[in-house]
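> One structure is given below, represented as structure tokens, and several questions about it will come after.
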Amino acid sequence: MRIMHISAECYPVAKVGGLADVVGALPKYQNAIGAMSSVIMPLYNNAFTNKHKFISIHDSQISLGNTKVDFSVLKLTESILDFDIHFIHINGLLFKDYVYSDNDTDRFLAFQIAALDWILTLNDKPDFIHCHDHHTGLIPFMTQESFKYESLNKTPTITTIHNAQYQGWMSYENLYKLPRFNIERVGLIMWDGMINPLAAAIKCAWRVTTVSPSYMEELKHNANGLELLLRAESAKAIGILNGIDSEVWNPATDTYIIENYKKTSIEAGKKANKKWLCDQFNLDESKPLFAFIGRLVGEKGAELLPYALDYALRSKDISVIVLGSGSKDTERQLFELIPRHTGNYNAFIGYDEKLSHIIYAGADFLLMPSRVEPCGLNQMYSLRYGTVPIVRRIGGLKDTVVDIGDNGFGICHNEVSIQDIVVAISRGKDFYKHQKEFKANRKHIMSIDHSWKVSAKAYINLYNSIN
């Protein structure tokens, strides 16, 4: 079974969010159970690209409307991943020092067309083309409707929606840039008066998945305008919970953290990582350490954090560390809290992969007051490292975290509000005081298996169900 994943992100090559983690792990675990899974992604001008060497295996040209665009397909000169990965290189269009910008219409149109043109040349074509998010959303339409890809129209396409809030909207004037198709079929790519790649994918893909079962149900009622479409296409739609790469995210072997640990050495290991964090960020290690890691955007409920943390920190009986970037107002407000709560609070505005691992290892609690969380990986990382997740009941958070009040292991709240966040932190403080139960819970959550092994099998079963 040959599976070709097509994505704008893939860890460790280029990462903006959870999409990269999924595409960087799912093929690896699919290969481990006998599939032949690979990835196509754009070549960006980033640290990974500058560190490694590539060779060109295909050079050609595509038409983007009336414009001719040269492209190459590159591969790494050395095998450093557990799956094959190929890069679409388009100098001046894809080869940028960023993944996304305010106007990516031509960039990802060219990427999708070039990827399909290259697939046409392969002797061993994929049995399944697995597309991820709107950046690849026009591929199911093009393989089904574009004349030049007629030989691919019997190749099943699968679209995974990682975040339906972003749909790749573009004006009707861009229609001429697509490879020729029967114009009578134009309705397949239109939604609400615009070309909508995600809507096109939902209409044309053979199967549609979301990254958790609860998110699939939520999208039928709140999908940024696509609710009716998802309800209409529900017969071919299924939610499959994401996993995590349990080899990358393993406190026993993680090279980023200060001291490695297993369940049998969790107390000493977490203490060492917590001490490092508190020393580096001027925090009191004797107090429960609450952390937030993520984008400082409305989807994450981040604009409420400055107010909720300011209130919770008044009691001076907790420590808090924030790692993230996003809204400049939220960044400024979080930064301004530092002198007001010296010794109890600090923030790192930006992103640092090593620091994120140490926080998972050293924190006692992880805050995730999300408005939207299709799956969420951070809560799974925190469980793996023995850190109690504090989450809003939404999407994948609802599917993976059970409240301690319901014989579970985490702390859950229902609303995205300052009050709910503050109350959840207070519940965390109370739980921390009961050290016997708290330490037992730490060991328990480290045993919960959220690896990709189960999810990879679920995707293989999905592919098999198409045939």
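> With the condition being touching a residue at least 60 places away in the same chain (Cβ under 8 Å), I'd like the strands (runs of 3 or more DSSP E) fully within the stretch 266-382 carrying at least 2 qualifying residues. Full working, then the answer.
Numbers: elements: 289-296, 319-326, 345-349, 365-368.
Qualifying strands (runs of 3 or more DSSP E): 289-296, 345-349, 365-368.
> Restricting to the stretch 402-423, give me the number of residues that are crowded, with 23+ Cβ neighbours inside 10 Å and in a helix (DSSP H, G or I).
1
> In this structure, is residue 157 under 26 Å from residue 401 (Cα atoms) and either in the same structural domain as residue 111 (by TED's automatic domain parsing) or not basic (Lys, Arg) (or both)? Please lay out each step first, then the result.
Values: under 26 Å from residue 401 (Cα atoms): no; either in the same structural domain as residue 111 (by TED's automatic domain parsing) or not basic (Lys, Arg) (or both): yes.
For residue 157, the condition - under 26 Å from residue 401 (Cα atoms) and either in the same structural domain as residue 111 (by TED's automatic domain parsing) or not basic (Lys, Arg) (or both) - is not met.
Table: residues versus (1) touching an Asp or Glu at 6+ places or on another chain (Cβ under 6 Å); (2) surrounded by 15 or more Cβ atoms within 10 Å (Cβ to Cβ); (3) assigned to a loop (DSSP other than H, G, I, E, B).
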position	(1), (2), (3)
184	no, no, no
199	no, yes, no
202	yes, yes, no
208	no, yes, no
218	no, yes, no
231	no, no, no
242	no, yes, yes
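> Within the stretch 339-354, can you find the residues that are within 29 Å of the chain's Cα centre (by Cα) and surrounded by 15 or more Cβ atoms within 10 Å (Cβ to Cβ)? Reasoning before the result, please.
Going through the stretch 339-354, the residues within 29 Å of the chain's Cα centre (by Cα) turn out to be 345-354.
345, 346, 347, 348, 349, 351 - these are the residues of the stretch 339-354 that are within 29 Å of the chain's Cα centre (by Cα) and surrounded by 15 or more Cβ atoms within 10 Å (Cβ to Cβ).
> Can we say residue 399 is in a helix (DSSP H, G or I) and under 23 Å from residue 270 (Cα atoms)? Break it down into steps so the answer makes sense when it comes.
Working: in a helix (DSSP H, G or I): yes; under 23 Å from residue 270 (Cα atoms): no.
No.
> Considering only residues that are over 19 Å from residue 387 (Cα atoms) and of a type in the set (Phe, Trp, Tyr), look in the stretch 311-365 and name the one that is modelled with the lowest pLDDT.
Step by step, filter the stretch 311-365, then rank; the result is 351.
> Also: Can you tell me which residue in the stretch 37-69 is surrounded by the most Cβ atoms within 10 Å (Cβ to Cβ), limited to those that are in contact with a strand residue (DSSP E or B) (Cβ under 7 Å, 6 or more places away or on another chain) and of a type in the set (A, V, I, L, M)?
Looking at the filtered set, the residue picked out is 41.
> Here's another thing I want to ask about it. Residue 293: under 17 Å from residue 368 (Cα atoms) and modelled with pLDDT of 95 or more, yes or no?
Numbers: under 17 Å from residue 368 (Cα atoms): yes; modelled with pLDDT of 95 or more: yes.
Spelling it out, residue 293 is indeed under 17 Å from residue 368 (Cα atoms) and modelled with pLDDT of 95 or more.
> When the stretch 52-66 is examined, which residues are found to be over 15 Å from residue 112 (Cβ atoms) and at pLDDT below 95? Outline the logic, then answer.
Residues of the stretch 52-66 that are over 15 Å from residue 112 (Cβ atoms), as a first pass: 52-59, 61, 66.
Listed by number, the list holds a single entry, 66.
> Is one or more of the residues making up the stretch 110-124 surrounded by 14 or more Cβ atoms within 10 Å (Cβ to Cβ) and either among the hydroxyl-bearing types (Ser, Thr, Tyr) or more than 15 Å from residue 179 (Cβ to Cβ) (or both)?
The answer is no, given that none of the residues of the stretch 110-124 is surrounded by 14 or more Cβ atoms within 10 Å (Cβ to Cβ) and either among the hydroxyl-bearing types (Ser, Thr, Tyr) or more than 15 Å from residue 179 (Cβ to Cβ) (or both).
> Now for a separate question. Here is a list of conditions, (1) surrounded by 18 or more Cβ atoms within 10 Å (Cβ to Cβ); (2) over 18 Å from residue 241 (Cα atoms), and residue 459 meets all of them except one; can you say which number that is?
Of the numbered conditions (1) surrounded by 18 or more Cβ atoms within 10 Å (Cβ to Cβ); (2) over 18 Å from residue 241 (Cα atoms), the odd one out for residue 459 is (2).
> Another one. Within the stretch 89-126, can you find the residues that are hydrophobic (A, V, I, L, M, F, W, C) and under 21 Å from the mean Cα position of the chain (by Cα)?
Filtering the stretch 89-126 for residues hydrophobic (A, V, I, L, M, F, W, C) gives 90, 93-95, 99, 108-111, 113-116, 118-120, 122.
Passing the criteria: 94, 99, 108, 111.
> Find the residue count for the stretch 252-264, including only residues that are surrounded by 14 or more Cβ atoms within 10 Å (Cβ to Cβ) and in a helix (DSSP H, G or I).
Of the residues in that region, 1 qualify.
> Condition test on residue 287, is it over 20 Å from the mean Cα position of the chain (by Cα), modelled with pLDDT of 95 or more, within 20 Å of residue 360 (Cα to Cα) and surrounded by fewer than 24 Cβ atoms within 10 Å (Cβ to Cβ)? Quick ask: steps written out before the conclusion?
On the way: over 20 Å from the mean Cα position of the chain (by Cα): yes; modelled with pLDDT of 95 or more: yes; within 20 Å of residue 360 (Cα to Cα): yes; surrounded by fewer than 24 Cβ atoms within 10 Å (Cβ to Cβ): yes.
Answer is yes for this residue.
The values are calculated or read from the model by the stated rules, or taken from the named source; none is laboratory data. Computed from a prediction, not measured in an experiment: that's the story for all the values here. Don't worry about glycine lacking a Cβ; one is built from the backbone with ideal geometry, like all the others, and counts go over all protein chains shown.
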